[in-house]
1. Could you please let me know if residue 70 is farther than 20 Å from residue 131 by Cα and at pLDDT below 95?
2. Need pairs with beta-carbon distance below 7 Å; first residue surrounded by fewer than 17 Cβ atoms within 10 Å (Cβ to Cβ) and within segment 115-127, second modelled with pLDDT under 95; sequence gap 6+ or separate chains.
3. Quick one: count up the residues across segment 66-88 that are exposed (fewer than 15 other Cβ atoms within 10 Å of the Cβ) and in a strand (DSSP E or B).
């Protein structure tokens, strides 16, 4: 009578060969490191005028309760009491471009963006304007 039969599975070296899921080879990793160093050396060797310009940092405006709006997109900050502003709010709502950032509180200002979005805020327009231009907060205008 024959002895016990061992059945080899994929983990034992038997069965079909499967592609390796190991990390890249050391040679490949070394080539990638060399390529990264070359790219970095090229950037540092270029004169400032030859380098690609870095995009300006995205500045955000706090419109209350942790809600932020990109400063570069704000076109107007208005008070919501007038009838035209109420119509603006209703039209934006029907178009799906109304953003309510009031957190359930009373709307005290409306921000209009260059993409025709309308943002409702619970902060006064003066407060938001002061946050937009903090260096001119103490100056009084003609209006």
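1. Values: farther than 20 Å from residue 131 by Cα: no; at pLDDT below 95: yes.
It is false that residue 70 is farther than 20 Å from residue 131 by Cα and at pLDDT below 95.
2. 115/73
3. Matching residues across segment 66-88 total 4.
Residue-by-condition table, conditions (1) assigned to a loop (DSSP other than H, G, I, E, B); (2) at pLDDT 95 or above; (3) in contact with a helix residue (DSSP H, G or I) (Cβ under 6 Å, 6 or more places away or on another chain); (4) surrounded by 11 or more Cβ atoms within 10 Å (Cβ to Cβ):
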| residue | (1), (2), (3), (4) |
| --- | --- |
| 19 | yes, no, no, no |
| 35 | no, no, no, no |
| 90 | no, yes, no, yes |
| 106 | yes, yes, no, no |
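The values are calculated or read from the model by the stated rules, or taken from the named source; none is laboratory data. If you're wondering where the values come from, they're calculated on a predicted model, not measured in any experiment. Don't worry about glycine lacking a Cβ; one is built from the backbone with ideal geometry, like all the others, and counts go over all protein chains shown.
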